[in-house]
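**Q** Below is the structure I would like to discuss, written out as C-alpha cells.
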Amino acid sequence: MNKIITIDGPSGVGKGTLAMSLAKKLKWNFLNSGSLYRILAYLADQQEIRHSNTESLVNLTKNLSVVFEINNNELIVVLNNKNISDLIQTEDCAKKASIIASNNVVRKALIK
C-alpha cells in the first residue's frame, strides 16, 4: 500500500518546507500542490488571463511542463525549462493562487 501524507493550512505558513523535510527524511517522493496553483497564477498573469476565467485556466493545465527539484533543501520549480521558483513565491502570486485553488473545476483539471 502506498503511503501519502497531506499537510493542510493557510498559504505561506511553511507547509511545503515541512513536507520537503519529511520527504527527505523518509526518502519519499514530494509534491507541493501549492506550487501548482502558484504556477497557474504566474502563467495566467503572463498570458493576461483573469484568475476568475475558469475555461482559460483549465486550458493552461493541459500543457504544463513542470519539474520539481530539491537542491540544498530548497524547492526549485522549473516551468518550460525556466527556473521560476522566485517568481512564484511573491505575496501577490500567493493571493492569486489562493483564488485559483478555490475553483473546484480548475482543481479537478489540475490533478488529472
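The values are calculated or read from the model by the stated rules, or taken from the named source; none is laboratory data. This one's a predicted model, so the numbers in the text were calculated from it and none came from an experiment. With ideal geometry, Cβ positions are generated from the backbone for all residues, glycine too; neighbour counts draw on all protein chains shown.
**Q** Taking the range 96-107 as the search range and keeping residues that are exposed (fewer than 15 other Cβ atoms within 10 Å of the Cβ) and free of Cβ contacts under 8 Å to residues at least 12 places away in the same chain, which one is nearest to R38 (Cα to Cα)?
**A** S102
**Q** Further, regarding this structure: Among the residues of the range 44-62, are any of a type in the set (D, E, K, R), out of contact with any Asp or Glu (no Cβ under 9 Å at 6 or more places or on another chain) and within 23 Å of P10 (Cβ to Cβ)? It would help to see each step written out before you state the result.
**A** Kept after step one, since they are of a type in the set (D, E, K, R), are these residues of the range 44-62: 45, 48, 50, 55, 62.
Next, from what is left, pick out any that are out of contact with any Asp or Glu (no Cβ under 9 Å at 6 or more places or on another chain): 48, 50, 55, 62.
Now drop any that are not within 23 Å of P10 (Cβ to Cβ), which leaves none.
No, the range 44-62 contains no residue that is of a type in the set (D, E, K, R), out of contact with any Asp or Glu (no Cβ under 9 Å at 6 or more places or on another chain) and within 23 Å of P10 (Cβ to Cβ).
**Q** Take the residues of the range 26-37 that are modelled with pLDDT of 85 or more and not in a helix (DSSP H, G or I): which is surrounded by the fewest Cβ atoms within 10 Å (Cβ to Cβ)?
**A** Within the range 26-37, the match that is surrounded by the fewest Cβ atoms within 10 Å (Cβ to Cβ) is K27.
**Q** If only one of L87, L40 is surrounded by 15 or more Cβ atoms within 10 Å (Cβ to Cβ), in contact (Cβ under 8 Å) with a residue 40 or more places away in the chain and either outside any loop (DSSP other than H, G, I, E, B) or of a type in the set (V, I, T) (or both), which one is it? If you could, list the steps in order and put the result at the bottom.
**A** Values: L87 fails: either outside any loop (DSSP other than H, G, I, E, B) or of a type in the set (V, I, T) (or both).
Of the residues listed, the single one that is surrounded by 15 or more Cβ atoms within 10 Å (Cβ to Cβ), in contact (Cβ under 8 Å) with a residue 40 or more places away in the chain and either outside any loop (DSSP other than H, G, I, E, B) or of a type in the set (V, I, T) (or both) is L40.
**Q** Something else about it: Any residue that is hydroxyl-bearing (S, T, Y), surrounded by 17 or more Cβ atoms within 10 Å (Cβ to Cβ) and either in contact with a Gly (Cβ under 7 Å, 6 or more places away or on another chain) or within 17 Å of C93 (Cα to Cα) (or both) - is there at least one of those in the range 10-25? Before you say what the answer is, go through the steps one by one.
**A** So in the range 10-25, the residues hydroxyl-bearing (S, T, Y) come out as 11, 17, 21.
Subsequent filtering for residues that are surrounded by 17 or more Cβ atoms within 10 Å (Cβ to Cβ) retains none.
No, there is no match, as no residue in the range 10-25 is hydroxyl-bearing (S, T, Y), surrounded by 17 or more Cβ atoms within 10 Å (Cβ to Cβ) and either in contact with a Gly (Cβ under 7 Å, 6 or more places away or on another chain) or within 17 Å of C93 (Cα to Cα) (or both).
**Q** Looking at L79, L64, L110, which is the one that is in contact (Cβ under 8 Å) with a residue 60 or more places away in the chain and among the aliphatic types (A, V, I, L, M)? Can you show your working first?
**A** On the way: L79 fails: in contact (Cβ under 8 Å) with a residue 60 or more places away in the chain; L64 fails: in contact (Cβ under 8 Å) with a residue 60 or more places away in the chain.
Every option except L110 fails the conditions.
**Q** Next question, about the same structure. Could you tell me which residue of the range 43-78 is modelled with the highest pLDDT, considering only residues that are under 10 Å from the mean Cα position of the chain (by Cα) and surrounded by 15 or more Cβ atoms within 10 Å (Cβ to Cβ)?
**A** Step one: list which residues in the range 43-78 are under 10 Å from the mean Cα position of the chain (by Cα), which gives 66, 68, 77.
Still in the list and also surrounded by 15 or more Cβ atoms within 10 Å (Cβ to Cβ): 68, 77.
Numbers: F68: 87, V77: 94.
It comes out as V77.
**Q** For F68, indicate whether it is part of a loop (DSSP other than H, G, I, E, B) and closer than 28 Å to M1 by Cα.
**A** Values: part of a loop (DSSP other than H, G, I, E, B): no; closer than 28 Å to M1 by Cα: yes.
In short, no.
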